[in-house]
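Visitor: The structure is given below, and queries will be raised subsequently.
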Amino acid sequence: MRIIVDLNRCQSFGQCCFAAPDVFHFHNAEALEYDPAPDEARRWDVIRAAKACPVQAIQIGLDDEEYEGAQREKTHGRSYQ
Amino acid sequence: MTTITHENLLNQVLDYTNRADPYPIYARMREHPVFVQDDGRYIISTYAEIRACLQDPRFSSDLRKGYSQADQRIVDEPLQVSFITMDPPKHDWLRHQVMMHFTPELINGLRPRIEEVASALLDAHEQRARLDIVDDFAYPLPVTIICELLGVPREDVALFHTWVDQLILAGDPGQAANKEVVQQAKSARTELRQYMGRLIDKFQQTPGPGLISAMLHDTTQEKQMTKDELIASSVLLLIAGHVTTVNLIANSMLTLLRYPEHYERLRREPSIVANLVEEVLRYEPPVQFVRRTTLTEVPIAGVTIPQGAPVYLVLASGNRDPLRFDDPDRFDPDRTDIEHLGFGGGIHYCVGAPLARLETQIALVELARRLQEPRLVEDPPPYRESASLRGPLHLLVSLHNR
Amino acid sequence: MAGHINEMIAPERIVIVGASLAGLRAAEALRREGFMGQLTLIGDEPYPPYDRPPLSKQVLGGRLAVEHTTLALFQRLEAQWLLGVPARRLDLAKRRVLLADGRSVDFDYLLIATGTCARPWPDAEEAALDGVFVLRNRDHACQVSARLATRPRHVLVAGGGFIGCEAASVCRDLGLDVTIVERGPTPLGGVLGSTIGQIMAQRQRDYGVYLHTGAVVTTLQGNQDHRLCGAQLSDGCSLEADVAIIALGAIRNVEWLLNTDLSVDGRGIVCDLYCRALDSQGAVVENVFVAGDVARWPHPLYAYDHQLLAVEHWGNAVEQAAIAAHNMLSPSFEYRRHTALPRFWSSQFGFNMKSVGLPTVADEVVITQCSFGMRRFTAVYGRQGQTVAAVSFNAGQMLPSYQTLVEQAAPFPPDLHAADGPARAQPMPAGFPAQGHPKYDTGMEPYTVSQP
């Protein structure tokens, strides 16, 4: 699964760290660090974390179907510089 | 330009006859986001303004800094050096001392125990036709857990019930004039303080399990808490871990009993519980209003609050503000936009929120799983005295007999 | 959902050049607002859109695998993705984007969101030394992270702006020796001013960073194996280093536009408050919008003397992209203005720094709250007696009330009487370089002088 935290909105209440400690933690006092691609097994914890956030800074994204469809252009040795 | 309202809406809220449903009074408060009553108290009842005040450094939680005489009397004792009534910088330091030990590992580690206690409490009443959700479940569960968390011995748990009830009662602004209540609270406070002091002495001699001993023996800090600070912090956690969580569980269950379709849904889909608890925190918060004073003149919503004024932030009213929440008086466990004020906001945001959430989520899932078609015996149920720490005193349900 | 798209201007084909945060959020906004036509995203990197802020923090520190930075999606796009191929030219008349591989893509509406790239070390030979890195994209982050994991003896960070300081902070987290060389009198002087910058400098020294201010790196030196072994500084110092992180700022990706009639130069592409691109005469270029790091626009709060605002902020990419997308699909009377306050955050040396407003226009700064012996504090910036910005250090819960002061351009210094504030407000000079003075080469050029 993929998530995003709006770190401008985040005010370091830390409720997410309690709900999903494998996904969210503080690095030094108040800087939130999180795994933007947590294991699917953590979905329930992440949902709880999103609900618990007092400022609704956590959003859970859709699956990766779109990216799987994204075409990657092969260059085969050409340089674009 | 100050709006004076002759109708003392706060007194109506404090009036016990309105305990079961203060919400229409809150709605009338919201007609003026900020107003002053004839008794000089400033009431802030709308979402945006409450949120702003909770985060505004011009507002203080240290009521001694206000000019209200009534506020002075509460805070003249050593016990009151808990961080809930402090301002930065001292607040920040003391809260940090406690939070350092109140970790995700500690709280999440309680999950099996919470489940165990919840289950055991319902086992004990399995054959009964009637249950008091408060006395038989919502009270003993958080009390057991907080005592274990703190390291208070099980056999002493019953001692606190009376002391805590007396303290809460005296804290209610409606009881300020009641001499007997005030006196009882004073002695309860003393007894509680002495108990904690003895417990701390014991842990000093022999480290034990729990948070109190951990805080006591933490030598990693540049500066240690004083014994009074440790006592006050422990008492704060004890009381908060008691009263408010009990009310959250009871308020949740009351709401579910009133909306049996949601109760059934919780039975079938326990995964809705996280959002459901947030909606209860909005809809029937265990803390209905909080106190502040001002450190300087504050102009807000067309009113100028003078320095030192007694201010009431009516969280439960803000949670029902139609300017913030669609259809605010509707209990909707599927509501998505829930940025409630149930745990406050700003630097005093409830320390115990993660534990309260965990306990309540487990409690409700277990209740819904085990109690088939419970019916409210009496609606509204009898309520506790307190207008601010509001919740049912008893919540009698009749059960479907097996 | 499609109801409010004016039929007369309903586009059939929208092309977004730039497949990073702004491009992605614009695409989502387009679909969310009902755009049903063909959507193409063009990105020069061969990766789906990914989040950059973690690259200089937990990815660099080895705490997060770089694949995890792929951005979460909130809307089905059903877009055509052309990744790993840069745009080469823009033909405005034909409404055509020419790609580096020779293909062309036609559009009804174009969003330019090509962002920035890292300013390279100016000497190509020295830049090619083993151990010299820039830090902008995920490949860089992987490379540098891997190199730091080999425990280099000494890391040189050229440039004391955000990226440089965050990278140095990661080095100290890892227990590596690191030197920051910064042109200005303090690190982060270009974004926080030298007064607060002094506090940052002290903090860095407390964390064991070797700090050279008022100096630049003049030469990178390699050994016979073409490995970096040291550097010469302009202050006469020389130091040994086996890794150098070149953090001298960012360059706008506008090369491909320089032959058009757009109002564009090295500082970015000029657009109006509705994100519409302007041409060299200042007229609106039909059907071309701009969003993100590459944009320059007149922000109402900061348009002193007709200055334009350009920022490299995550929040701006998200907000401006949504505005641009909305306006693309709307008749002009439904346009939204991009007036959101600039906001940024940074995490370094134990500080979670958050800012609202634009500190760089300030002439004064005052500390309004502090506790924990200055491990937590808030600074407010003022310009000619008005509040223009506030920055919190480990005090994120306080910032919203300061945001209100900034939005209202409240009198400065603010009269807060905060419990943890000074007895009397003591405004100090903010310490930003004077207008017209050569800018710091930290890459953060959030406030530039517009040329006629």
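Visitor: Mind telling me which of the residues B:278, B:229 ends up being away from chain C (no Cβ under 14 Å) and more than 30 Å from residue C:424 (Cα to Cα)?
Guide: Details: B:229 fails: more than 30 Å from residue C:424 (Cα to Cα).
Sole residue among the options that is away from chain C (no Cβ under 14 Å) and more than 30 Å from residue C:424 (Cα to Cα): B:278.
Visitor: Test each condition in (1) assigned to a strand (DSSP E or B); (2) within 14 Å of chain A (Cβ to nearest Cβ); (3) within 28 Å of residue C:10 (Cβ to Cβ) for residue C:111 and report the one that comes out false.
Guide: (2)
Visitor: Test of understanding: among C:119, C:76, C:95, which residue is in contact (Cβ under 8 Å) with a residue 40 or more places away in the chain and within 8 Å of chain A (Cβ to nearest Cβ)?
Guide: Details: C:119 fails: within 8 Å of chain A (Cβ to nearest Cβ); C:95 fails: within 8 Å of chain A (Cβ to nearest Cβ).
Unique residue meeting the criteria: C:76.
Visitor: Mind checking which residues of the range C:79-92 are assigned to a loop (DSSP other than H, G, I, E, B), facing another protein chain (nearest Cβ under 8 Å) and hydrophobic (A, V, I, L, M, F, W, C)?
Guide: At the first step, the residues of the range C:79-92 found to be assigned to a loop (DSSP other than H, G, I, E, B) are C:79, C:84-86, C:92.
Those left that are additionally facing another protein chain (nearest Cβ under 8 Å): C:79, C:84-86.
Passing the criteria: C:79, C:85.
Visitor: Are any residues in the range A:28-64 under 22 Å from residue B:100 (Cα atoms), within 7 Å of another protein chain (Cβ to nearest Cβ) and in a loop (DSSP other than H, G, I, E, B), and if so, which ones?
Guide: A:28, A:29, A:30, A:54
Visitor: Condition first: more than 14 Å from chain C (Cβ to nearest Cβ) and in contact with a Lys or Arg (Cβ under 7 Å, 6 or more places away or on another chain). Can you find one or more residues in the range B:290-298 that meet it?
Guide: From the range B:290-298, those more than 14 Å from chain C (Cβ to nearest Cβ) are B:290-291; that's our starting set.
With in contact with a Lys or Arg (Cβ under 7 Å, 6 or more places away or on another chain) added as a condition, the list becomes none.
No, the conditions are met nowhere in the range B:290-298.
Visitor: Mind telling me which of the residues C:329, C:262, C:301 ends up being farther than 30 Å from residue C:412 by Cα, away from chain A (no Cβ under 14 Å) and touching a Gly at 6+ places or on another chain (Cβ under 8 Å)? It would help to see each step written out before you state the result.
Guide: Numbers: C:262 fails: touching a Gly at 6+ places or on another chain (Cβ under 8 Å); C:301 fails: farther than 30 Å from residue C:412 by Cα.
The match here is C:329.
Visitor: Kindly provide the set of residues from the range B:302-339 that are under 15 Å from residue B:45 (Cβ atoms), part of a loop (DSSP other than H, G, I, E, B) and at pLDDT 95 or above, ordered by number.
Guide: Result: B:314, B:319, B:320, B:321, B:322, B:323, B:324, B:325, B:328, B:329.
Visitor: Do any strands (runs of 3 or more DSSP E) entirely within the range C:339-407 hold 3 or more residues that are modelled with pLDDT under 95 and within 9 Å of another protein chain (Cβ to nearest Cβ), and if so, which?
Guide: Because the criterion is at least 3 residues that are modelled with pLDDT under 95 and within 9 Å of another protein chain (Cβ to nearest Cβ), the strands (runs of 3 or more DSSP E) in the range C:339-407 that meet it are C:364-371.
Visitor: Right, another one. Can you pull out the residues in the range C:122-152 that are over 17 Å from the mean Cα position of the chain (by Cα), closer than 26 Å to residue C:347 by Cβ and in a loop (DSSP other than H, G, I, E, B)?
Guide: Within the range C:122-152, the first condition is being over 17 Å from the mean Cα position of the chain (by Cα), and the residues that meet it are C:122-133, C:139, C:142-152.
Next, only the ones that are closer than 26 Å to residue C:347 by Cβ stay: C:131-133, C:139, C:142-152.
Listed by number, the residues that qualify are C:131, C:150, C:151, C:152.
Visitor: Which of the residues belonging to the range B:13-62 are aromatic (Phe, Trp, Tyr) and more than 16 Å from residue B:291 (Cβ to Cβ)?
Guide: At the first step, the residues of the range B:13-62 found to be aromatic (Phe, Trp, Tyr) are B:16, B:23, B:26, B:35, B:42, B:47, B:59.
Result: B:16, B:23, B:26, B:35, B:47.
Visitor: Given the conditions (1) in a loop (DSSP other than H, G, I, E, B); (2) within 11 Å of chain B (Cβ to nearest Cβ); (3) not aliphatic (A, V, I, L, M), which single one is not true for residue A:10?
Guide: Unmet condition: (2).
Visitor: List the residue pairs whose Cβ atoms are under 6 Å apart, where the first residue sits in the range B:273-285 and is within 13 Å of residue B:263 (Cα to Cα) and assigned to a helix (DSSP H, G or I), the second is at pLDDT 95 or above and of a type in the set (A, V, I, L, M, F, W, C), and the two are 6 or more positions apart or on different chains.
Guide: Close Cβ pairs (under 6 Å, with a partner that is at pLDDT 95 or above and of a type in the set (A, V, I, L, M, F, W, C)) amount to B:273/B:364; B:273/B:365.
Visitor: Another question, then. Does residue C:176 satisfy being of a type in the set (A, V, I, L, M, F, W, C), more than 21 Å from the chain's Cα centre (by Cα) and part of a loop (DSSP other than H, G, I, E, B)? Working first, answer last.
Guide: Working: of a type in the set (A, V, I, L, M, F, W, C): yes; more than 21 Å from the chain's Cα centre (by Cα): yes; part of a loop (DSSP other than H, G, I, E, B): yes.
Here the answer is yes, as residue C:176 does meet what is asked.
Visitor: Which residues, counting only those in the range C:21-50, are part of a loop (DSSP other than H, G, I, E, B), over 25 Å from residue C:108 (Cβ atoms) and in contact (Cβ under 8 Å) with a residue 40 or more places away in the chain? Write out each step before concluding.
Guide: Just the residues of the range C:21-50 that are part of a loop (DSSP other than H, G, I, E, B), to begin with: C:33-37, C:44-49.
Checking the rest, the ones that are also over 25 Å from residue C:108 (Cβ atoms) come to C:45-47.
Within the range C:21-50, C:45, C:47 qualify.
Visitor: Go through the range C:247-290 and count every residue that is assigned to a loop (DSSP other than H, G, I, E, B) and either over 24 Å from residue C:162 (Cβ atoms) or at pLDDT 95 or above (or both). Can you show your working first?
Guide: Keep residues of the range C:247-290 that are assigned to a loop (DSSP other than H, G, I, E, B), which gives C:247-249, C:253-254, C:258-261, C:263, C:266-267, C:272-275, C:280-283.
Next, from what is left, pick out any that are either over 24 Å from residue C:162 (Cβ atoms) or at pLDDT 95 or above (or both): C:247-248, C:253-254, C:258-261, C:263, C:272-275, C:280-283.
Qualifying residue count, the range C:247-290: 17.
Visitor: Of everything in the range B:40-60 that's among the small types (Gly, Ala, Ser) and part of a helix (DSSP H, G or I), which residue is farthest from residue B:346 (Cα to Cα)?
Guide: B:48
Visitor: Can you say whether residue C:443 is assigned to a loop (DSSP other than H, G, I, E, B) and either under 20 Å from the mean Cα position of the chain (by Cα) or modelled with pLDDT of 95 or more (or both), as far as the supplied structure shows?
Guide: Numbers: assigned to a loop (DSSP other than H, G, I, E, B): yes; either under 20 Å from the mean Cα position of the chain (by Cα) or modelled with pLDDT of 95 or more (or both): yes.
Yes.
The values are calculated or read from the model by the stated rules, or taken from the named source; none is laboratory data. Model, not experiment: these values are computed from the prediction. Please note: Cβ atoms are built from the backbone with ideal geometry, for glycine as well, and neighbour counts cover all protein chains shown.
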